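Here's the structure we're looking at; comments come further down.
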Amino acid sequence: MNKLIIIFFFLISILIFSCKKAPGEGGGATIKGTLYVKNFHSPEVPYAFDDVGADKRIYIVYGDKNMPDNDIRTGPKGEFEFRYLRKGKYKIYAYSLDPKTLSDDNSIAIVKEVEIAKNNQEITIDDFYIYEEADNNGSSSIKGKLFYKKYAASYTVVVDQYYKPDEDIFFVYGRDIGESKRIRTGLNGEFQLNNLRKGKYKVYALSDDTTMQTSGKVPVIIEVNITENNKVYEIPDLIIAD
């Protein structure tokens, strides 16, 4: 009799275990959220409600596996939603530049771990953001003009001056060391760099040193702090000498 009881409970435990469903699709729960994007070159700048990551790929892992089970694209406002999930543990992740390095060649996964404890539960992931380059899918611009002065000897008398075309304009993004981007001025000395994210920038052109402290070229620098999306930041003329 005792053997029959043991066998009975053993079979019951196998049945219960086999009926327990693993994490995955087939339930009524939902995991959703919004993906935001920060400036890799100015990582200290906090993200705001309008710094969303549209059309970014979001991955989900069921349980304790290491490989993704599904992925979706974020909507135009950075929103995403995984539906019809069963109870259990999940990982949600997206790929990002690594803000702990200065190299924009390193990619890491930003992972959020979630556990669904109830059927039909709706879980919203908060504080989910990745890092991208300063000029990758931003919405603001920096524009200006380059003004050229030609001096006589000793830089005391200006003999000619005009807005200079086809001249190099350099940009430094945030914490970058050295040149991040170079563009040329247009016919009337104008320039504009688009698709910029919130953050700090330096704009400069190379000029003779009118103080004559050095015989080489020196940078004429204007610093810009972009604090808003969808805005054109017009800077004062960059003035160089020769």
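Please tell me if residue 150 is within 15 Å of residue 237 (Cα to Cα), surrounded by fewer than 17 Cβ atoms within 10 Å (Cβ to Cβ) and of a type in the set (D, E, K, R).
No; evaluated as a whole, the condition is false for this residue.
Kindly indicate the residue of segment 130-152 that is among the hydrophobic types (A, V, I, L, M, F, W, C) and under 17 Å from residue 207 (Cβ atoms) and also nearest to the chain's Cα centre (by Cα) among those meeting that condition.
Applying the filter and picking the extreme gives 146.
In the set 176, 127, which member is under 30 Å from residue 240 (Cβ atoms) and of a type outside the set (A, V, I, L, M)?
Among 176, 127, only 176 is under 30 Å from residue 240 (Cβ atoms) and of a type outside the set (A, V, I, L, M).
In segment 89-111, how many are closer than 14 Å to residue 32 by Cα and touching a residue at least 40 places away in the same chain (Cβ under 8 Å)?
3
From 216, 199, 186, grab the single residue that is surrounded by 13 or more Cβ atoms within 10 Å (Cβ to Cβ), of a type in the set (Gly, Ala, Ser), farther than 14 Å from residue 134 by Cβ and assigned by TED's automatic domain parsing to the domain that holds residue 148.
186
Going through segment 148-183 one residue at a time, which ones are free of Cβ contacts under 8 Å to residues at least 24 places away in the same chain and of a type in the set (Lys, Arg)?
The answer is 182, and nothing else.
Of all residues being modelled with pLDDT of 95 or more and exposed (fewer than 12 other Cβ atoms within 10 Å of the Cβ) in segment 68-108, which is farthest from residue 177 (Cα to Cα)? Just the residue, please.
Selected residue: 84.
Just to check your reading of the model, which residue among 81, 122, 25 is charged (D, E, K, R), more than 29 Å from residue 231 (Cα to Cα) and touching a Phe, Trp or Tyr at 6+ places or on another chain (Cβ under 9 Å)?
Of 81, 122, 25, the one residue that is charged (D, E, K, R), more than 29 Å from residue 231 (Cα to Cα) and touching a Phe, Trp or Tyr at 6+ places or on another chain (Cβ under 9 Å) is 25.
Just to be sure, is residue 62 in contact with a Gly (Cβ under 6 Å, 6 or more places away or on another chain), within 22 Å of residue 27 (Cβ to Cβ), crowded, with 17+ Cβ neighbours inside 10 Å and of a type in the set (Ser, Thr, Tyr)?
Yes; evaluated as a whole, the condition is true for this residue.
Residue 127: surrounded by fewer than 13 Cβ atoms within 10 Å (Cβ to Cβ), under 16 Å from the mean Cα position of the chain (by Cα) and not hydroxyl-bearing (Ser, Thr, Tyr), yes or no?
Judged against the criteria, residue 127 is a match.
Assuming residue 157 fulfils every condition listed in (1) assigned by TED's automatic domain parsing to the domain that holds residue 48; (2) surrounded by fewer than 16 Cβ atoms within 10 Å (Cβ to Cβ) apart from one, which condition is it?
The one condition residue 157 does not meet is (1).
Take the residues in segment 133-147 that are touching a strand residue (DSSP E or B) at 6+ places or on another chain (Cβ under 6 Å) and of a type in the set (Ser, Thr, Tyr); name whichever of them is farthest from residue 227 (Cα to Cα).
Step by step, filter segment 133-147, then rank; the result is 141.
Which number in (1) farther than 16 Å from residue 35 by Cβ; (2) in contact with a Ser or Thr (Cβ under 7 Å, 6 or more places away or on another chain) marks the one condition that residue 161 misses?
Going through the list (1) farther than 16 Å from residue 35 by Cβ; (2) in contact with a Ser or Thr (Cβ under 7 Å, 6 or more places away or on another chain), residue 161 breaks only (2).
Take the conditions acidic (Asp, Glu) and at positive phi and apply them to residue 208. Does it pass?
no
The values are calculated or read from the model by the stated rules, or taken from the named source; none is laboratory data. Fair warning: this is a prediction, and the values are worked out from it, not measured in the lab. So basically every Cβ, Gly included, is an ideal-geometry build from the backbone, and we count neighbours across all protein chains shown.
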